[in-house]
1. Where residues in segment 24-44 are open to solvent by 60 Å² or more (accessible area, probe 1.4 Å) and at pLDDT below 90, which of them is nearest to the chain's Cα centre (by Cα)?
2. Search segment 94-138 for residues being surrounded by 13 or more Cβ atoms within 10 Å (Cβ to Cβ) and among the basic types (Lys, Arg), and hand back the single one that is nearest to the chain's Cα centre (by Cα).
3. Quick check, is ARG91 in contact with a Gly (Cβ under 9 Å, 6 or more places away or on another chain) and either on the phi < 0 side of the Ramachandran plot or of a type in the set (Lys, Arg) (or both)?
4. Can you find, within segment 283-308, the residue that is nearest to LEU108 (Cα to Cα) among those that are open to solvent by 20 Å² or more (accessible area, probe 1.4 Å) and over 18 Å from the mean Cα position of the chain (by Cα)?
5. Identify, by number, the condition in (1) modelled with pLDDT of 95 or more; (2) open to solvent by 60 Å² or more (accessible area, probe 1.4 Å); (3) among the hydrophobic types (A, V, I, L, M, F, W, C) that ALA206 doesn't meet.
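The values are calculated or read from the model by the stated rules, or taken from the named source; none is laboratory data. Since this is a predicted model, take the numbers as computed values, not measurements. We place every Cβ from the backbone using ideal geometry, glycine too, and count neighbours over all the protein chains shown. Side chains included, ligands, DNA and RNA excluded: accessible areas come from the protein's heavy atoms. Shrake-Rupley method; radii C 1.70, N 1.55, O 1.52, S 1.80 Å.
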Amino acid sequence: MTSKATPIEPDDNGIRVDRWFRRHYPALGHGAIEKLLRTGQVRLDGKRVKASDRLSTGQMLRLPPQLQEIQRPADQSSEKTQPGHKTLTDREKKETEALVIHKDTSVLVLDKPPGLAAQGGSGITRHIDGLLEHLTFGKKQKPRLVHRLDRDTSGVLVVARTVPAAAALSESLRRRDAQKIYWALTRGVPKKRAGTIKLALAKQGARGDERMVGVDRDAEAAKHAITDYVVIDRAGNEYAWIAVKPVTGRTHQIRVHLASLGTPIVGDFKYGGAAARPVGAIENTLHLHARSIDIAHPDGGRLTVTAPLPSHMLRAWKLLGFRENDARDPFPARHKK
């Protein structure tokens, strides 16, 4: 057999050479990859290549003949599954695909339901990250999470379909070139109709029982946290519909900040205790929803997506007489520089 040249496809643009091998030849160990590269048996556009070199779309990677005897995942029978892969029923596949509320060549946006974790962990067997392998829509690689939502928080979750898209979206989030708006139902009404909460946060508690607490900004392990909020509507002094815009992205930031005003989110017993318990027909479930996101699209322009309220919050809105289709922008100055 002779060596073969493999073109670098758009889905692999920007990844390291060693990661390309792990993706396309998972049966090939690290030592074997290093030996192929060290001895010059792998060439990129005719030149030697290192494990840390990055690939670009259209480049040609020449591979040694012996690799032709190793099956790539894309060539394997669909009856075989990779470790950790869960085969879904037709109904489960439809339910998973129904989570997608936006799709283009680079990005998916999901409407994450409450109660479904973004990633796996202790005792968590079903999660968004595990479902993403069923949302490839013809691409050869699994989509990637670029941010997360708490398990009980619903709403907009952005997922990258390619490595370059993941890098671009992550950079936008790092530079805060993204505006995320949350809707919350609080027990009680803030004294000010609108404001900015500046309360540093730190993690406390034993492993498995950690919680975030407000601390002095100079305290050890303190992380500054800023949240803007606007009261959109209220039901007497019992409940408030609040639009929230986190300026920073700390763990449980919105939940801790709203509780610090004396108005915990309904159903948030971790940070609100008994004060977060609703009365009447409103459910005890956390009433926090990632309503929308506006972020720079990896391919240019802006990506703006809105997710409908989950059923338990929609029922609460109807019970309280709130208009869930209210299209007013609670933060009209958010795009001003």
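1. PRO26
2. Start the filter on segment 94-138 by keeping residues that are surrounded by 13 or more Cβ atoms within 10 Å (Cβ to Cβ), which leaves 95-97, 99-104, 106-118, 120, 124, 127-136.
Restricting the remaining residues to those that are among the basic types (Lys, Arg) gives 103, 112.
Numbers: LYS103: 15, LYS112: 9 Å.
Going through the qualifying residues, I end up with LYS112.
3. Details: in contact with a Gly (Cβ under 9 Å, 6 or more places away or on another chain): no; either on the phi < 0 side of the Ramachandran plot or of a type in the set (Lys, Arg) (or both): yes.
Answer is no for this residue.
4. Of everything passing the filter in segment 283-308, ASP299 is nearest to LEU108 (Cα to Cα).
5. So ALA206 meets the others, but not (1).
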